[in-house]
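Down below is the structure, laid out as structure tokens.
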Amino acid sequence: MSTIQLLESAAVIGLIPFSLAAIRGQLDRSVIFWLLWLVAMVCAGAVVWRLTAAGWQAGLVPNLWVVVAATLLIYALIVALDRSATALGTLLVPYLLVLACLAGLAGWVASPESSAAASIPWFTIHILLAVGSYALMTITAVAALAIVLQERAMKQRRQGWAMRHLPPIAATEQLQQRLLWLAAIAMGLALASGAANEFMDSGSLILIPHQMAHKILLSVLAFLVILVFLVLHQATGLRGRLAARWLMTGYLLLTLAYPGVKFVRDVLLG
């Protein structure tokens, strides 16, 4: 077993205790919470450091691990600022464990890609904005799912797992809106910096490499869906299940643009 495979196994194992505590509703911003988060963050961060030591990797496996590490980091920042966000880990952390497992499995079948050159101006800024916007959208989508599960439990008038362990709907909706605005800003800047990099590299804003056409199109569509939702929310107070459908659609498009395109290229066509 190679070094990277050992690190990936350790990262998956490091997420398991955090996920179990989350599913049981035992996350309460205590010392135990931060210790569990630290173990998961260090393990995932070690994988990312090892995979990107020679430069940014454009493949599926590195990107999945970057998503896991970035989402863990942003989640911790949110929890530090808003105690009610801690309970979102009930859904978020198990989802990240699933992503980590998929990244480990993909490492056996995905074709590795070469390191991407970072000589283009703003390349690092573009990558940080793109990863940050996707991580924010991941947490926003989890918040939308939490609202749907809470509303379903209330409609059925039963005190189930969702009612006991997920955060209150009002607090979740407020957090969701703040995160969505941040994600929209980061996504817009990511698209703008990507266009600037293309212009500085080729002298044209229209020239799009064939292998990136689907990614760019899906990213723009996701950005437009998010903008339309924000406008509708401001104008009509759109919320609940209908709002969740808009957010899930935006997240699905962004997922198809980010890891989805890489899955097709590295696994199906690799």
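The values are calculated or read from the model by the stated rules, or taken from the named source; none is laboratory data. Being a predicted model, the structure only gives us computed values, none of them experimental. Cβ placement follows ideal geometry from the backbone for every residue including glycine, while neighbour counts extend to all protein chains displayed.
For segment 71-96, give me each residue that is crowded, with 22+ Cβ neighbours inside 10 Å and farther than 15 Å from Leu27 by Cα. Once the filter is applied, which keeps residues that are crowded, with 22+ Cβ neighbours inside 10 Å and farther than 15 Å from Leu27 by Cα, segment 71-96 yields Thr71, Leu96. Scanning segment 211-229 for residues that are modelled with pLDDT of 90 or more and buried (at least 16 other Cβ atoms within 10 Å of the Cβ), we see that the one that is farthest from Val264 (Cα to Cα) is Phe229. Scan segment 28-51 and give yes if some residue there is in a loop (DSSP other than H, G, I, E, B), hydrophobic (A, V, I, L, M, F, W, C) and at pLDDT below 95, otherwise no. The answer is no; no qualifying residue exists. Beta carbons closer than 8 Å, at least 6 apart along the sequence or on distinct chains, pair a first residue in segment 234-263 that is closer than 19 Å to Leu221 by Cβ and at pLDDT below 80 with a second that is assigned to a helix (DSSP H, G or I) and of a type outside the set (A, V, I, L, M, F, W, C) for Val261/His214; Val261/Lys215; Lys262/Asn63. For segment 12-27, a residue qualifies if it is assigned to a helix (DSSP H, G or I), closer than 20 Å to Val142 by Cβ and hydrophobic (A, V, I, L, M, F, W, C), and the qualifying residues are Val12, Leu15, Ile16, Phe18, Leu20, Ala21, Ala22, Ile23.
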